[in-house]
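A quick write-up on the structure given underneath.
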Amino acid sequence: MAKDSKPDGRSRSRVWAVTAATLLGAALGEWTRVPAGALFGGMLVSLVTALSLSVFVPMPRPLLLCAQAVLGAALCSSFSPSAWSALAEHWPVALVNVVGVVAIGQAVALVFSRLGGVDVRTATLGLMPGGLSAMVALSEELGVDSRLVTLFQYLRLSLVILVAAVVGRWTGGGTDTQVATAAALPGAPLPVMAWGVTALVALVGGAMGVWLKLPAGAFLGPLLLGIPLTALGIPVGAWPPGLLPLGLWALGVRVGRYFDKAAVHELKRVVLGALGAALAMVGGCLLLAWLWSSVGGVDLLTTYFATSPGGADSVLAIALETRASLSLVIAVQVGRLLLVFLVAPLVMRRLVARR
């Protein structure tokens with residue numbers, strides 16, 4: 001994928017202008033009360049400028065890791081005692097849906113590889129829901145075309161974010177934000193104390209997740225560390241006003257980085273097929289969500305976000321600002337992320353062995 005190396009003064013001016021435009025788009029998304037508006041607005045402007053101008057916002061890896069850690073820690077506050085009881089009631093169906101989403105992704109990948117003339121390993125890694133960085137790293141390890149894997153992953157992610165934001169807005173979810181304030185946390189601590197505890201969880205959990213090489217480790221680490229602490233009554237999940245939207249902006253802007261003109265032109269032979277495969281995945285997961293809602297008695301909005309084919313951080317960011325039952329959404333999304341992380345390398349190595 002082409003990237004700017006050392007831009008001249010004119011190029012730097014264009015980058016600064018595009019960065020300002022994405023921030024404006026993020027602010028507009030928040031103002032219009034679209035769920036995760038900063039993520040959606042930043043992503044939309046980033047995509048448009050990347051495709052039309054071949055200019056993208058530089059997103060250093062440390063900043064992206066910080067953004068993921070901020071979101072992961074913010075989600076911890078959704079696990080109240082009542083959330084645990086709801087999860088205990090629905091865990092068998094939730095587990096079935098974790099496996100179901102992965103199975104849909106694999107089935108679509110097999111069909112896409114036959115109809116689209118794409119290697120089955122490339123299709124599988126490119127369409128596997130969740131764990132984007134892990135899938136790209138695995139593709140490089142196995143000698144699979146990492147450019148195609150990256151493009152497929154970000155095409156699917158873009159489509160999922162667009163559909164999820166529309167669903168969240170259509171259901172009127174933006175009015176019932178679940179983002180915690182310090183006063184809403186256990187014990188109603190002082191804001192400075194709540195922010196400090198959340199920052200510590202984000203720092204320690206994020207570092208542990210990256211060190212353990214978990215999928216989306218900087219996001220998953222704080223979540224796995226903070227949820228048990230929340231169950232113990234420790235206040236985790238509050239951030240100073242404006243920090244979470246800034247993190248969501250960073251997560252949205254990263255999407256446009258892989259859609260410059262050169263990349264799309266180079267890979268245009270398979271873009272339409274990949275888009276069709278991504279649509280098929282969204283449709284299959286929507287059917288799975290409808291079945292879960294009908295059989296399990298869970299509202300369709302919750303089952304939709306729970307089965308939406310990732311990225312987990314982006315989907316959870318949108319679900320955070322809707323009326324969905326966030327505990328179930330987190331359980332299924334995180335469970336699937338871990339399943340993909342554990343199963344995908346084994347499946348891919350078997351596919352390589354058969355060649």
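The values are calculated or read from the model by the stated rules, or taken from the named source; none is laboratory data. The model shown is predicted, which means the values in this text are computed figures rather than measured ones. Note that we place each Cβ from the backbone using ideal geometry, even for glycine, and neighbour counts take in every protein chain shown.
Between 276, 310, which is assigned to a helix (DSSP H, G or I) and either modelled with pLDDT of 80 or more or small (Gly, Ala, Ser) (or both)? If you could, list the steps in order and put the result at the bottom.
Numbers: 310 fails: assigned to a helix (DSSP H, G or I).
Of the residues listed, the single one that is assigned to a helix (DSSP H, G or I) and either modelled with pLDDT of 80 or more or small (Gly, Ala, Ser) (or both) is 276.
So how many residues does segment 231-243 have that are in contact (Cβ under 8 Å) with a residue 60 or more places away in the chain and surrounded by fewer than 24 Cβ atoms within 10 Å (Cβ to Cβ)?
Qualifying residue count, segment 231-243: 2.
Any residue in segment 108-126 that's crowded, with 20+ Cβ neighbours inside 10 Å: show its pairings with residues that are of a type in the set (Gly, Ala, Ser) and not in a helix (DSSP H, G or I) at Cβ separation under 9 Å, as long as the two are six or more apart or on different chains.
Here the result reads 121/143, each pair linking segment 108-126 to a residue that is of a type in the set (Gly, Ala, Ser) and not in a helix (DSSP H, G or I).
Yes or no: residue 270 over 27 Å from residue 100 (Cα atoms), of a type in the set (Val, Ile, Thr), outside any loop (DSSP other than H, G, I, E, B) and at pLDDT below 90?
For residue 270, the condition - over 27 Å from residue 100 (Cα atoms), of a type in the set (Val, Ile, Thr), outside any loop (DSSP other than H, G, I, E, B) and at pLDDT below 90 - is not met.
For segment 118-159, which residues satisfy the criterion of being farther than 19 Å from residue 336 by Cα, at pLDDT 80 or above and not in a helix (DSSP H, G or I)?
Within segment 118-159, 118, 119 meet the criteria.
Under the condition of being surrounded by 23 or more Cβ atoms within 10 Å (Cβ to Cβ) and among the hydroxyl-bearing types (Ser, Thr, Tyr), which residue from segment 38-67 is nearest to the chain's Cα centre (by Cα)?
46
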